[in-house]
1. List, please: which pairs have Cβ atoms under 7 Å, are six or more places apart or on different chains, and start with a residue in the range 108-130 that is within 12 Å of Leu7 (Cα to Cα) and end with one that is among the aromatic types (Phe, Trp, Tyr) and within 15 Å of ligand 1 (Cβ to nearest atom)?
2. So which residues in the range 3-36 are of a type in the set (Ser, Thr, Tyr), surrounded by 15 or more Cβ atoms within 10 Å (Cβ to Cβ) and either away from ligand 1 (no atom under 16 Å from the Cβ) or part of a helix (DSSP H, G or I) (or both), if there are any at all?
3. Could you count how many residues in the range 78-105 are within 16 Å of ligand 1 (Cβ to nearest atom) and not aromatic (Phe, Trp, Tyr)?
4. Going through the range 106-127 one residue at a time, which ones are part of a loop (DSSP other than H, G, I, E, B), touching a strand residue (DSSP E or B) at 6+ places or on another chain (Cβ under 7 Å) and within 16 Å of ligand 1 (Cβ to nearest atom)?
5. Six or more apart or on different chains, Cβ under 9 Å: which pairs go from a residue in the range 29-41 that's modelled with pLDDT of 95 or more to one that's of a type in the set (Lys, Arg)? Could you list them?
6. Mind checking which residues of the range 128-148 are under 17 Å from Ala193 (Cβ atoms), within 14 Å of ligand 1 (Cβ to nearest atom) and either of a type in the set (Gly, Ala, Ser) or in a helix (DSSP H, G or I) (or both)?
7. Counting just the residues of the range 59-78 that are closer than 24 Å to Arg90 by Cα and in contact with a helix residue (DSSP H, G or I) (Cβ under 6 Å, 6 or more places away or on another chain), which one comes out farthest from ligand 2 (Cβ to nearest atom)?
Amino acid sequence: MRHFLTLKDYTKEEILEIIDLGLKIKRDLKRGEIKPYFPNQTLAMIFEKSSTRTRVSFETGMYQLGGHALFLSNRDIHLGRGEPVKDTARVISSMCDMVMIRTFAQSMLEEFASHSKVPIINGLTDAYHPVQLLADYMTMIEHGHADNPVVAYVGDGNNMTHSWLMLASKLGFELRIATPKGYEVDDVVLADALAFAKESGAVITMMHDPKAAAEGATVVTTDTWASMGQEDEKEERIRAFKGFIVDEALMHRADKNAIFLHCLPAYREQEVSESVLEGRQSVVFDEAENRLHAQKGLMVWLDRQYR
Ligand code: CP
Ligand code: NVA
């Protein structure tokens, strides 16, 4: 049985296999063919943070695959009132066939997984957002941007940045990350990525200059300056991230056919300008839709590992 807690645990071949499966299931859906992979099965979805895309894509995806999804907010289940993670994990995994969790600490997810009888999927933690990267890479493939991409990430060194580091270092492409000073990525995550990069040939560069990161890039991406849980730091962050907006001037430095990705929700005129978000290079709504297709590929793939 495999869990999907971080891309760190996955090989290049496995990542591509999951995305390929998602693309196949997407083609089937668009042709009107819906295959019931999960009859009478349930996906538990535990949310300790807000969500639009993750909730809707997993719930819809599980329904389309013939199963049922349970939305479990921590305001409603006993986990939010202090029932231990290990008890919750044993109870839920004795009844459900797969569990998706959105939470704060990666260690909570790991603890849950260590007591679970069924696969656990990371639906975002403070450290990683791996399902988002499956959708992002699927979007790059569909837009013809997956061959030797040069990806520029401009913004906060957060869960998205960490996930880009894992994807690039496993798949072997170039990734430039520009953050303000004091908002760099985690040292341990970076060290892991650099070790994987030695094997894959990925070129990973950390910098503080968005312009240098964007120069000739074929994919430009960013994320919110204040992630969930950092609401109190919002004003301070807006000051610290001045100059880190992805606007038309920055996009002009990138390859003329570059695409713009953003996991959403986006904060216009903070990390991205309205004109870039709504502009010809933006593929953010294809990217959002691909959450559905990529995660269906992931759920079917995980199920195949333990049946
Ligand atoms: N990108 C993403 O995970 O969106 P939600 O927070 O809406 O799920
Ligand atoms: N970095 C953001 C991503 C939201 C999908 C957050 O954690 O809030």
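1. Filtered contacts from the range 108-130: Ile121/Phe4; Asn122/Phe4; Asn122/Tyr128; Pro130/Phe4.
2. The one that is of a type in the set (Ser, Thr, Tyr), surrounded by 15 or more Cβ atoms within 10 Å (Cβ to Cβ) and either away from ligand 1 (no atom under 16 Å from the Cβ) or part of a helix (DSSP H, G or I) (or both): Tyr10.
3. Going through the range 78-105 one residue at a time, the tally reaches 4.
4. Gly123, Leu124, listed by residue number.
5. Within 9 Å, the pairs are Leu29/Lys296; Tyr37/Lys296.
6. Pro130, Gln132, Leu133, Asp136
7. Among them, the one singled out is Ala69.
Condition check ((1) in a strand (DSSP E or B); (2) within 16 Å of Asn122 (Cβ to Cβ)) across all residues:
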| position | (1), (2) |
| --- | --- |
| Phe38 | no, no |
| Leu43 | yes, yes |
| Ile46 | yes, yes |
| Lys49 | no, yes |
| Thr54 | no, yes |
| Glu59 | no, no |
| Leu70 | yes, no |
| Glu83 | no, no |
| Arg90 | no, no |
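The values are calculated or read from the model by the stated rules, or taken from the named source; none is laboratory data. Here the structure is a predicted model, which is why all the values come from computation and not from measurement. A quick note on method: Cβ atoms are made from the backbone with ideal geometry, for glycine too, and the neighbour counts reach across all protein chains shown.
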